[in-house]
Amino acid sequence: MTHALTALNRRLGGIAYGGDYNPEQWPRQVWREDVRLMREAGVNLVTVGVFSWSRIQPRPETYDWSLLDEVLDLLHGNGIAVDLATPTAAPPPWFTRLHPDARPVTAAGTRLAHGSRQAFCPSHPAYAEAADAVVTALATRYADHPAVVLWHVHNEWGNHNGLCYCDTSAAAFRRWLRDRHTTLDALNEAWGTDFWGQRYGDWEEIDPPRDTTAFRNPGQDLDYRRFSSDALLARHRAEAALLRRIAPGTPLTTNHLGTLEKKVDAHAFAGECDLVSLDHYLPAADPDGHIDLALNADLARGMAAGRPWLLMEHSTSAVNWQPVNVAKRPGEMRRNSLTHLARGADGIMFFQWRQSRAGAEKWHSAMLPHGGTDTRTWGEARALGAELAALGEVTGTRVRADVALLFDWHNWWALELEARPSGRMRYLDAVRDWYEALWTSNITCDVVPPGTDLAPYKAVVAPNLYLLADEHADDLTRYVHRGGHLAVGCFSGVVDSCDRVRLGGYPGALRDVLGLRVDEYLPLRPEETVRLSDGSQARQWAERVEPRGCDPVLRFADAPDGGPARGGPAATRHAHGEGTAWYMATRASVATLRGLIRDLGEEAGLRPAAAVPEGVEAVRRTGPQGSYLFLVNHTDHGVEAAVEGTALLDAAGGGSRVEIPAGGVVVVREEKRAHRP
């Protein structure tokens with residue numbers, strides 16, 4: 001069966017290209033200029049209606065379709081397809097006035113006001129009724145409109161209202177707990193409520209983990225995060241069910257936030273979509289933000305189970321919501337876009353088409369800036385459209401990875417709850433360190449959740465698995481025993497899915513496969529570092545490791561600067577069954593992690609996507625008709641690389657070598673069998 005995005009690409013005639021289009025912000029005479037310029041830029045898909053609820057339903061009893069009717073007809077008449085959004089991320093003012101108790105409440109008890117977006121409680125029945133009504137009306141009106149090729153459900157679920165602590169949410173939480181735990185005895189056991197005398201005797205005694213006198217119950221806090229994600233997922237499912245019933249022939253998606261947001265389990269949402277889409281924005285404060293971009297692209301591909309995915313939003317230049325909103329340098333937007341394409345995106349979209357002149361996001365860049373067509377950004381957006389049109393043959397091909405990197409929102413939630421050994425241990429820090437070690441080695445990985453079938457992968461990297469369900473621990477042990485190669489970061493395997501410590505010695509569920517026991521965790525002070533036996537420095541964390549079959553491959557230095565675990569194992573290797581399991585007992589430098597990945601890779605048979613100079617990113621997409629090698633130069637000087645094939649973009653030179661300009665991207669259509677399968 002043809003994948004939904006592949007079918008959409010065929011309908012569009014190539015790679016999807018465009019952005020959010022908000023015609024309601026502009027007078028009618030601007031719309032015709034918009035579609036003319038869209039055609040000039042090669043735009044073939046725009047997202048419409050994301051925040052249009054107050055326009056299409058100006059009063060509770062009134063719908064006004066005139067704007068959408070005209071805009072959709074205009075777009076279709078100019079060959080531009082529409083990703084039509086349900087407008088439920090921004091309830092109109094009349095809704096808030098009629099249902100003031102539907103506004104979300106913070107953990108401190110403050111009820112938030114109307115005046116932004118997502119100002120609703122996900123569990124409130126009045127919101128559900130109003131949202132279902134507008135989605136039903138929208139789908140009924142446009143189910144057969146020829147412009148509509150994709151449904152866009154809501155917008156960035158949970159971005160601003162992922163956790164509501166109101167009384168309505170409390171009642172919904174109790175119902176969710178009954179379904180999850182069945183009995184109060186089971187709940188009390190899961191939460192360890194005998195600690196601090198919290199044992200519950202009636203479901204009505206249970207509230208959300210609101211602000212309290214001291215630490216919250218961590219089991220309760222973790223379950224509340226799960227409930228809150230599930231409450232939003234229930235709303236996604238409700239809207240999706242309406243769209244599928246009324247317009248069954250049109251695929252649907254929702255835009256995930258990747259590592260930008262921890263409030264919802266995006267893996268669960270991805271499973272409810274016909275195609276996966278992602279928003280990604282560069283962290284301006286990070287000079288290596290392009291590595292974060294690659295991580296999120298690989299996460300999107302992992303959520304799509306390896307299939308192509310859609311980049312729903314990124315920026316042409318600066319955003320408006322970071323402390324300092326740094327503009328992209330010339331060529332950076334192109335490089336970002338083509339990197340997403342390299343890592344499996346078959347559509348490149350932006351927020352937004354025309355830069356707003358008013359409102360909270362008026363300083364967020366767009367394809368068509370305030371300065372109009374006489375701007376660098378417009379010129380680059382138009383040029384990118386032409387290049388993407390020329391690369392249409394890439395659509396439908398897939399990125400093949402030999403490594404799986406495990407990423408889990410539930411673990412993220414649990415690791416960063418209160419009262420942990422170190423409040424400085426942040427999940428994304430560990431993920432990004434290990435990912436960077438792979439990225440700088442040009443070893444492609446799929447970023448996938450625990451529970452994924454690991455058999456196809458030569459190696460698995462788990463940056464942190466503080467929380468690890470029993471069945472997922474069994475998966476990892478079985479994977480290694482059958483010949484797989486596993487690398488695990490510090491403070492892993494410690495608690496079960498209820499955040500209860502596994503007894504008998506750390507690292508709990510992973511003791512046997514790692515062949516070691518940790519006697520004690522030894523978090524470091526903020527300014528403290530420890531030296532390892534290879535001379536490198538580690539920080540934040542150390543462990544007193546007792547080998548139980550493993551071999552140390554690195555030690556903490558046997559000197560005062562070796563820290564509290566001086567002389568003990570810092571990194572280990574354990575032969576288990578037909579495979580090996582490696583462990584890092586500290587927060588090592590990326591260079592040290594890269595060395596561990598190198599050693600593991602030699603045993604696992606890992607190879608980089610291509611032999612390229614340092615600072616060049618190499619990714620390969622493969623399909624039945626051949627393969628495409630993407631080479632992205634992140635340096636400020638031109639470099640050469642050996643290739644076998646025909647360069648499609650940017651390359652100079654000839655024969656078996658291409659020149660990649662500073663900041664440039666080369667795409668090579670490879671000769672068959674020019675690379676390993």
Only helices (runs of 4 or more DSSP H) wholly contained in segment 335-446 count here; list those with 3 or more residues that are at pLDDT below 95.
-> none
Within segment 524-581, of all residues that are touching a Pro at 6+ places or on another chain (Cβ under 7 Å) and of a type in the set (Val, Ile, Thr), the one nearest to residue 479 (Cα to Cα) is 572
Being aromatic (Phe, Trp, Tyr) and within 22 Å of residue 18 (Cβ to Cβ), is that true of even one residue in segment 370-379?
-> yes
Say we look at segment 590-608 and pick out the residues that are of a type in the set (A, V, I, L, M, F, W, C) and surrounded by 15 or more Cβ atoms within 10 Å (Cβ to Cβ); which of these is nearest to residue 393 (Cα to Cα)?
-> 606
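One line per residue, one yes/no per condition, for (1) buried (at least 24 other Cβ atoms within 10 Å of the Cβ); (2) outside the structural domain of residue 237 (by TED's automatic domain parsing); (3) touching a Leu at 6+ places or on another chain (Cβ under 8 Å); (4) closer than 30 Å to residue 449 by Cβ:
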{"residue": "272", "(1), (2), (3), (4)": "no, no, yes, yes"}
{"residue": "325", "(1), (2), (3), (4)": "no, no, no, no"}
{"residue": "352", "(1), (2), (3), (4)": "yes, no, no, no"}
{"residue": "358", "(1), (2), (3), (4)": "no, no, no, no"}
{"residue": "372", "(1), (2), (3), (4)": "no, no, no, no"}
{"residue": "375", "(1), (2), (3), (4)": "no, no, no, no"}
Among the listed residues 227, 269, which satisfies the condition of being within 13 Å of residue 177 (Cβ to Cβ) and in a helix (DSSP H, G or I)?
-> 227
List the number of the failed condition for residue 456; all other conditions in (1) out of contact with any His (no Cβ under 7 Å at 6 or more places or on another chain); (2) surrounded by 20 or more Cβ atoms within 10 Å (Cβ to Cβ); (3) not assigned by TED's automatic domain parsing to the domain that holds residue 42 hold.
-> (2)
Could you grab me the full set of residues in segment 90-114 that are more than 13 Å from residue 130 (Cβ to Cβ), among the aliphatic types (A, V, I, L, M) and surrounded by 15 or more Cβ atoms within 10 Å (Cβ to Cβ)?
-> 105, 107, 112
May I ask you to list the residues in segment 51-70 that are crowded, with 21+ Cβ neighbours inside 10 Å and farther than 20 Å from residue 312 by Cα?
-> 53, 56, 57, 68
Based on what the data block shows, is residue 493 at pLDDT 95 or above, under 30 Å from the mean Cα position of the chain (by Cα) and not β-branched (Val, Ile, Thr)?
-> yes
Take segment 61-76 and flag every residue that is of a type in the set (Gly, Ala, Ser) and under 12 Å from residue 46 (Cα atoms).
-> none
Give the residues of segment 609-649 that are assigned to a loop (DSSP other than H, G, I, E, B) and farther than 24 Å from residue 393 by Cα, sorted by residue number.
-> 611, 612, 613, 614, 615, 634, 635, 636, 637, 638
Could you run through segment 532-561 and say how many residues are outside any loop (DSSP other than H, G, I, E, B) and within 25 Å of residue 493 (Cα to Cα)?
-> 15
Pick from segment 415-453 the residues that are at positive phi and small (Gly, Ala, Ser): which of them is surrounded by the fewest Cβ atoms within 10 Å (Cβ to Cβ)?
-> 419
Within segment 496-512, can one find any residue that is among the hydroxyl-bearing types (Ser, Thr, Tyr), surrounded by fewer than 23 Cβ atoms within 10 Å (Cβ to Cβ) and not in a strand (DSSP E or B)?
-> yes
Take segment 283-302 and flag every residue that is crowded, with 20+ Cβ neighbours inside 10 Å, without any contact (Cβ under 8 Å) to a residue 60 or more places away in the chain and among the hydrophobic types (A, V, I, L, M, F, W, C).
-> 293, 297, 300
Output for segment 460-478, where each listed residue is of a type outside the set (A, V, I, L, M, F, W, C) and surrounded by fewer than 24 Cβ atoms within 10 Å (Cβ to Cβ) = 470, 471, 472, 474, 475, 477, 478
Filtering segment 612-644 down to residues that are closer than 15 Å to residue 665 by Cβ and hydroxyl-bearing (Ser, Thr, Tyr), which residue is surrounded by the fewest Cβ atoms within 10 Å (Cβ to Cβ)?
-> 635
Does residue 39 meet the test of being surrounded by fewer than 18 Cβ atoms within 10 Å (Cβ to Cβ) and touching a strand residue (DSSP E or B) at 6+ places or on another chain (Cβ under 7 Å)?
-> no
Filtered residues of segment 252-264 (kept if surrounded by 22 or more Cβ atoms within 10 Å (Cβ to Cβ), assigned to a loop (DSSP other than H, G, I, E, B) and either among the aliphatic types (A, V, I, L, M) or within 11 Å of the chain's Cα centre (by Cα) (or both)) = 264
Restrict the check to segment 191-205 and report whether at least one residue is within 30 Å of the chain's Cα centre (by Cα) and free of Cβ contacts under 8 Å to residues at least 24 places away in the same chain.
-> no
Mind checking which residues of segment 183-226 are more than 18 Å from residue 420 (Cα to Cα), buried (at least 22 other Cβ atoms within 10 Å of the Cβ) and either of a type in the set (Lys, Arg) or assigned by TED's automatic domain parsing to the domain that holds residue 85 (or both)?
-> none
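Table: residues versus (1) of a type in the set (Ser, Thr, Tyr); (2) without any contact (Cβ under 8 Å) to a residue 60 or more places away in the chain; (3) under 23 Å from residue 419 (Cα atoms); (4) not in a strand (DSSP E or B).
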residue	(1), (2), (3), (4)
519	no, yes, yes, no
526	no, no, yes, yes
530	no, yes, no, no
583	yes, no, no, no
601	no, no, no, yes
State whether one or more residues within segment 327-338 are in contact with a strand residue (DSSP E or B) (Cβ under 7 Å, 6 or more places away or on another chain), of a type in the set (A, V, I, L, M), closer than 22 Å to residue 615 by Cβ and assigned by TED's automatic domain parsing to the domain that holds residue 24.
-> yes
Of the residues in segment 545-581, those that are among the aliphatic types (A, V, I, L, M), out of contact with any Asp or Glu (no Cβ under 9 Å at 6 or more places or on another chain) and touching a residue at least 40 places away in the same chain (Cβ under 8 Å) number 1
For residue 644, indicate whether it is of a type in the set (Asp, Glu) and either outside the structural domain of residue 538 (by TED's automatic domain parsing) or over 30 Å from residue 550 (Cβ atoms) (or both).
-> yes
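The values are calculated or read from the model by the stated rules, or taken from the named source; none is laboratory data. Note that the coordinates shown come from a computational prediction; the quantities given were computed from them, not determined experimentally. Ideal geometry is used to build each Cβ from the backbone, glycine not excepted, and the neighbour counts take in all protein chains shown.
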